[in-house]
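Report on the structure given below.
Quick note: the coordinates plus some simple rules give every number you see, no bench work behind them. Keep in mind that what you see is a predicted model, and the values were worked out from it rather than measured. Virtual Cβ from ideal backbone geometry, glycine too; neighbours counted across all protein chains shown.
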Amino acid sequence: MNVVRQDVDALNAVLKVQISPADYQNKVKATLEKYRKTAKTPGFRPGHVPMGLVQKQYGKSVLAEELNKLVNDALYQYISENKLDILGNPIPKLDAEVKGDFEKPADFVFEYEIGFSPVFTLPLSDKSKYDYVKVKVDAKLLDKQVDDLRRRYGKLISTDAIGSTDLVLAQFVELNDDDTIKAGGIMHSSTISMEFIEDKKVKKELEGKVKGDKVIVNPHKVSRGESDTAAMLGIKEEELAAISDKFQMTINEIKHMEMAELNQELFDRLFGEGAVTSEADLRKRVSADLEGMFSNDSDRLLTKSIYEDLLENTKIELPTTFLKRWIKASNQKEITEEQIEKEFDGYAKGLKWQLIQGNIFKTNEIKLDNNEVIEFTKGLLVNNYAQYGIPAPDDKELTASALQVLQNKEEATRVYDMLAEQKLTQYFKSTVKLKDKEVSYDEFVEIASK
């Protein structure tokens, strides 16, 4: 058995697998002998069927199966021994003529196409410059965060008139154009938050209203987006197009959030007994927590910026024709040429990033060690427990939980991707030149959303 490589160009080649009778005859004969021992043919006892009949009935299929095994073994042995860096898997050459006769088996030649992983240079070095965008934790942001904490641990109380941040429990009744109640129209009770009403005119009109007052409103202007509007009216989102833009809103109840006092009781509930003893300490702790949280966001934004630059500026040629054929051949479900053409750009972009990431990991000997993956998963679990205020279990139980998570294929992929991104970020931060750029929280959100 022999494999001959014929290069088509820098990205494509053909592997010819040459198989002689000596490679397959004994294996075919042994398999047919097994068939003979179990074959049930009228007129013959089991094990005494003439080999000629067995050969006639099973010979071609057994030969085909053995040849297929030999070809696959030869291809992957050749690729491994010659350390070929290929994309996908070998696929039968398009319009290739199989040399060999199944009626009179002798020599066979099978041709397979392969696509090489491209060689490229990353445009990234210690001379590359990037902004490291950081949120400026100023007094305004601190005030907002402290107010959010006080609101979270506060309590709702009934109040007489609607204020700018109150919750309003109301009944919504659909009206006709002449402001009369629409027969068979929508009638639903729900809650709106004054804090989230963006239309200043509507907000001003509602402020000061009391229980029992009736106001005509456009439901879209007292809610946030289509899904929120539909939920407020108790209908499906697709039904919104058919409803009126006039609703009678009857105020049934008004709730005001009485924020928790900044005292030792709140401090202990937030951070544990005695950890924080004054408002000044609280603000320091909140500031540190915000900086830690925003640091992770800054890392993600940096990685995103470099990711986009590398995708745009790294010159990578792909064996496009081969890949399109391979996608079709390897897809478990039938896929059309039109689908492949439509989705190929997205596939190529994903493959390009895989090659870039693989290049970075290989060149810099970055690895995802199994023990490191387990420890990383344990850290994710500890954070989940902390979010719900639950103490983490002991290390033995935590390790068992982490291993259970990693047994789930989708969860394991998610964990590996997160750890890989973390390692990439560490590599980027240690490689490129970073210039700190402080911005407000709103500016940061705007930058991140682009």
Per-residue HN-Hα couplings for segment 280-292, Karplus 6.51 cos²θ - 1.76 cosθ + 1.60 at θ = phi - 60°, whole Hz, x for Gly and Pro?
-> 4, 5, 4, 5, 5, 5, 5, 4, 5, 5, 5, 4, x
Taking the chain as the reference, fit the longest principal axis to its C-alpha atoms, fit the long axis of helix 370-387 to the helix C-alpha atoms, and give the angle between the two in degrees, 0 to 90, nearest 10.
-> 20
GNM result for the chain, Cα springs below 10 Å: residue of Val405, Val432, Val49 fluctuating most strongly = Val49
Spatially proximal aspartates and glutamates relative to Lys437 (Cα-Cα < 20 Å; intrachain offsets below 8 disregarded) | Asp126, Asp131, Asp138, Asp289, Glu291, Asp297, Asp299, Glu308, Asp309, Glu446
Neighbouring Cβ atoms within 10 Å as the yardstick, rank Leu270, Leu424 fewest first.
-> Leu270, Leu424
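With contacts defined as alpha carbon pairs under 8 Å and 6 or more residues apart, what's the relative contact order of the chain in percent?
Once normalised by length, the contact order is 18 percent.
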Within segment 234-284, report the GluC sites (Glu not before Pro) that DSSP leaves as loop and that have at most 13 other Cβ atoms within 10 Å.
-> Glu261, Glu273
Going by C-beta contacts inside 10 Å, put Val17, Val4, Val28 in order with the fewest on the left.
-> Val4, Val28, Val17
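Relative contact order of segment 2-116: what whole-number percent is it, with Cα pairs under 8 angstrom and at least 6 residues apart?
About 36 percent, as a whole number.
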Measure nothing but the geometry: give the 0 to 90° angle between the long axis through the Cα atoms of 21-38 and the longest principal axis through the Cα atoms of the chain, rounded to 10°.
-> 80
Expected vector for segment 351-362, Karplus 3J(HN,Hα) from phi with 6.51, -1.76, 1.60 and θ = phi - 60°, integer Hz, x for Gly and Pro, equals 5, 4, 5, 4, 5, 5, 4, x, 4, 5, 5, 5
Given backbone amide H placed at 1.01 Å from N, residues whose amide H is under 5 Å from that of Lys209, ignoring those fewer than 5 places away on the same chain, are Ile162
GNM top mover of Lys127, Lys93, Lys409 - the chain, alpha-carbon springs below 10 Å | Lys409
Rounded Å value of the spacing that divides the Cα centres of segment 361-410 and segment 152-172 | 42
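When only DSSP loop residues count, what GluC sites (Glu not before Pro) in segment 348-380 have their Cβ near at most 11 other Cβ atoms within 10 Å? Before the final figure, lay out each step's value.
Working: sites: Glu365, Glu372, Glu375; in loops: Glu365.
Those satisfying the criteria are Glu365.
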May I ask you to sort Tyr307, Tyr112, Tyr76 by Cβ crowding, counting other Cβ atoms within 10 Å and putting the fewest first?
-> Tyr76, Tyr307, Tyr112
Taking amide H positions as placed 1.01 Å from N in the peptide plane, with prolines and chain starts having none, which residues 5 or more places from Glu438, or on another chain, fall under 5 Å of its amide H?
-> Lys134
Cα atoms only, segment 268-449: Rg and Dmax in Å?
-> 21.6, 68
Of Lys362/Lys429; Lys60/Lys324; Lys136/Lys203; Lys29/Lys333, which ones are farther than 28 Å apart at the Cα?
-> Lys60/Lys324; Lys136/Lys203; Lys29/Lys333
GNM flexibility winner over the chain from Phe172, Phe267, Phe44 (Cα, springs under 10 Å) = Phe44
